[in-house]
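What follows is a short report on a single structure.
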Amino acid sequence: MKVQSTTTQQDDHFLISNYDYKSTNIEKNGDKYIAKPQTTNFKFKTDTRIPKLGVMLVGWGGNNGTTLTGGVLANKFNITWNSKRGTHQPNFYGSLTQSSVIKIGTCNTEEVFVPFKDILPMVNPCDIVFGGWDISAMNLADAMNRAQVVEYDLQQKLRPYLEKLVPLPSIYYPDFIAANQNDRADNVIPGNNKLEHLNVIRKNIADFKQLNNLDKVILLWTANTERFCVEDPNIHGNAEKLLKSIESSHPEISASTIFACAACLEGCSFINGSPQNTIVPGVIELAEKAGVFVAGDDFKTGQTKFKTCLVEYLVGAGIKPKAIISYNHLGNNDGKNLSQESCFKSKERSKKTCVDDILESNKVLYPTEEELNIDHTIVIKYCPETGDSKKAMDEYIAEIFLGGRQTFAVYNVCEDSLLAAPLIMDLLLLCELFERIQFSKDTSEFQRFDTVLSWLSYLMKAPKSESGITTINSLSRQRAMLENLVKVCAGLTIDDNLRLEVRYG
Ligand code: NAI
């Protein structure tokens with residue numbers, strides 16, 4: 001695709017697009033609003049050179065880590081496999097960047113769509129070099145077998161590639177994850193000195209980058225859900241205090257925070273795929289100083305994605321959700337870990353906040369704080385027989401016209417890691433792309449996006465935002481935000497869905 005427009009310029013290295021952003025400034029005057037439309041000029045500069053990307057996964061030997069690595073290799077080497085349903089070809093279904101499309105315009109009256117990945121130059125997932133850590137020493141072929149996610153025939157075909165891949169020893173602070181994980185922790189960096197741990201991880205990153213001749217590396221936490229650390233401004237409040245607390249091996253420094261610090265100190269962006277509060281203020285300051293991004297928290301895969309759609313539909317239709325009761329049972333190692341209350345609490349928090357802003361936006365349905373306090377209950381049970389095929393059962397009770405009730409009972413089989421792996425890939429590919437985009441407002445200098453990469457909120461259950469920026473949970477708004485950003489950067493027109501060119505020529 002090539003954009004021919006007077007508002008875009010392209011040379012060998014950069015694509016610059018000029019964008020008049022239209023917004024509306026609202027002034028409140030008593031109980032009246034005065035709306036003042038305004039236009040601000042932005043320029044977006046995208047470096048079009050695609051780097052050689054390395055990805056280091058924390059929890060590489062887990063269900064997500066093995067499924068992602070194996071799935072990418074299956075695509076890379078075009079490995080087919082058989083099941084009782086026949087022969088299967090590898091694909092990237094479930095990946096926003098690889099398998100969804102974006103409308104770029106109309107040809108006569110016909111709408112034209114192209115793959116998301118073709119709007120701006122992006123890394124091909126098959127070119128990613130994978131590495132990482134796990135507290136379990138199992139090679140990735142055996143770990144994939146342990147995970148029971150991928151079809152047996154594909155496991156066998158991937159074995160020659162995966163058995164060579166062995167996770168690096170990791171940091172293990174048993175107090176932060178469930179006690180039932182202890183029996184797999186046979187690959188840990190010895191000692192209790194957290195500064196030494198940080199330095200080992202930093203060296204691992206530097207060695208991985210050099211050994212594989214990489215242009216850049218991104219770290220992603222897909223290890224067990226930790227309990228929340230007890231956040232304290234004196235321990236985590238800024239970069240200096242955080243590094244001092246690591247030096248003194250403070251007990252409230254989690255393994256995930258050590259990884260996040262190591263990433264920043266090695267000039268790598270860090271993504272937190274679990275719900276715990278890894279990205280404390282000190283991490284954000286370290287990332288800011290290093291000019292890298294942090295993003296989190298908790299992958300938004302099956303149940304929560306659906307929840308943010310359904311609640312948005314109800315509230316958008318003027319129907320008032322009054323209760324959401326969510327049961328999950330799952331039998332994978334994630335479920336086993338979540339069976340400990342402290343780890344469950346982290347998950348409960350991220351699952352619960354995901355509809356807040358959608359409800360808060362509608363003051364007709366929710367005029368008071370009290371009414372916003374709907375029954376939102378989360379139950380998670382570990383049931384080994386279920387394996388990775390997590391079952392999510394949700395009941396939504398909503399108030400309709402004249403005091404009536406509408407109830408939805410939704411049964412959702414979320415093949416956990418088969419949903420998470422393509423989503424993890426999107427997080428990595430988009431994070432990498434956003435590292436190559438800069439913007440300028442009016443005539444200011446070009447600058448990178450804010451350190452906390454909230455552009456990725458579509459992929460996150462509890463999206464972390466820059467301070468002062470409200471979080472958006474609505475799935476359609478999150479997707480539109482991403483779609484519009486890449487279109488604007490490419491110099492394409494944003495779609496307002498009026499379709500006037502089709503209606504009136
Ligand atoms: P898993 O339990 O199969 O894998 C986690 C891996 O992390 C294990 O191999 C474990 O040995 C390793 N590990 C634990 N502590 C570690 C440490 N300190 N350093 C290095 N490795 C460590 O779990 P799964 O299913 O792969 O999920 C991973 C994470 O992603 C969990 O926190 C889960 O809550 C989160 N998540 C998963 C979703 C999904 O749909 N699969 C959705 C949302 C979040």
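List of remarks:
- Only residues that are part of a loop (DSSP other than H, G, I, E, B) and either more than 16 Å from the ligand (Cβ to nearest atom) or out of contact with any Gly (no Cβ under 9 Å at 6 or more places or on another chain) (or both) were counted across the stretch 56-82, and they come to 5.
- Selection within the stretch 438-494: residues that are under 19 Å from the mean Cα position of the chain (by Cα) and β-branched (Val, Ile, Thr). The member of this set that is most open to solvent (accessible area, probe 1.4 Å) is 470.
- So residue 47, is it within 30 Å of residue 494 (Cβ to Cβ), among the charged types (D, E, K, R) and open to solvent by 40 Å² or more (accessible area, probe 1.4 Å): no
- Test: residue in the stretch 28-39 that is of a type in the set (Ser, Thr, Tyr) and within 23 Å of the chain's Cα centre (by Cα): no
- Screening residue 175 with (1) more than 16 Å from residue 70 (Cβ to Cβ); (2) buried (at least 20 other Cβ atoms within 10 Å of the Cβ) gives one miss only, at (2).
Here's the yes/no breakdown for (1) touching a Leu at 6+ places or on another chain (Cβ under 7 Å); (2) more than 16 Å from the ligand (Cβ to nearest atom); (3) polar (S, T, N, Q):
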| residue | (1), (2), (3) |
| --- | --- |
| 98 | no, yes, yes |
| 101 | no, yes, no |
| 120 | yes, yes, no |
| 137 | no, no, no |
| 160 | no, yes, no |
| 164 | no, yes, no |
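- Total residues in the stretch 190-217, condition among the hydrophobic types (A, V, I, L, M, F, W, C), over 19 Å from residue 243 (Cα atoms) and either open to solvent by 60 Å² or more (accessible area, probe 1.4 Å) or within 16 Å of the ligand (Cβ to nearest atom) (or both): 2
- Of all residues in the stretch 218-242 being of a type in the set (Val, Ile, Thr) and open to solvent by less than 10 Å² (accessible area, probe 1.4 Å), the one that is farthest from the chain's Cα centre (by Cα): 225
- Among the residues making up the stretch 22-40, those that are open to solvent by 100 Å² or more (accessible area, probe 1.4 Å) and under 27 Å from residue 485 (Cα atoms) are 22, 37.
- Filtered by the rule that a residue be surrounded by fewer than 18 Cβ atoms within 10 Å (Cβ to Cβ), part of a loop (DSSP other than H, G, I, E, B) and not hydroxyl-bearing (Ser, Thr, Tyr), the stretch 341-373 gives 362, 363, 364, 367, 373.
- Any pair with Cβ under 9 angstrom, 6 or more apart, that starts in the stretch 56-67 at a residue that is free of Cβ contacts under 8 Å to residues at least 24 places away in the same chain and ends at one that is within 6 Å of the ligand (Cβ to nearest atom): none
- Residues in the stretch 262-278 that are within 16 Å of the ligand (Cβ to nearest atom) and assigned to a helix (DSSP H, G or I): 262, 263.
- Qualifying residue in the stretch 361-370 (condition: of a type in the set (Phe, Trp, Tyr), in contact (Cβ under 8 Å) with a residue 40 or more places away in the chain and within 16 Å of the ligand (Cβ to nearest atom)): no
- Residues (within 13 Å of residue 255 (Cβ to Cβ) and more than 13 Å from the ligand (Cβ to nearest atom)) located in the stretch 218-240: 229
- Looking across the stretch 89-133, just one residue is hydrophobic (A, V, I, L, M, F, W, C), free of Cβ contacts under 8 Å to residues at least 24 places away in the same chain and touching a Ser or Thr at 6+ places or on another chain (Cβ under 9 Å), and that is 112.
- Scanning the stretch 298-320 for residues that are in contact (Cβ under 8 Å) with a residue 12 or more places away in the chain and part of a helix (DSSP H, G or I) returns 303, 304, 305, 306, 307, 308, 309, 310, 311, 312, 314, 315.
- Residue count for the stretch 231-261, restricted to those that are part of a loop (DSSP other than H, G, I, E, B) and in contact with a Pro (Cβ under 9 Å, 6 or more places away or on another chain): 3
- Here residue 193 passes the criteria (1) in contact with a helix residue (DSSP H, G or I) (Cβ under 7 Å, 6 or more places away or on another chain); (2) farther than 13 Å from residue 133 by Cβ except the one numbered (1).
- Subset of the stretch 296-326 that is aromatic (Phe, Trp, Tyr) and within 16 Å of the ligand (Cβ to nearest atom) - its residue that is most open to solvent (accessible area, probe 1.4 Å): 306
- Counting only helices (runs of 4 or more DSSP H) that sit completely within the stretch 83-172, those holding 3 or more residues that are buried (at least 18 other Cβ atoms within 10 Å of the Cβ) and within 22 Å of the chain's Cα centre (by Cα) correspond to 96-99.
The values are calculated or read from the model by the stated rules, or taken from the named source; none is laboratory data. This structure is a prediction, so every number in the text was calculated from the model and none was measured. With ideal geometry, Cβ positions are generated from the backbone for all residues, glycine too; neighbour counts draw on all protein chains shown. Heads up: the accessible areas ignore ligands, DNA and RNA and are worked out on the full protein's heavy atoms, side chains in. Shrake-Rupley method; radii C 1.70, N 1.55, O 1.52, S 1.80 Å.
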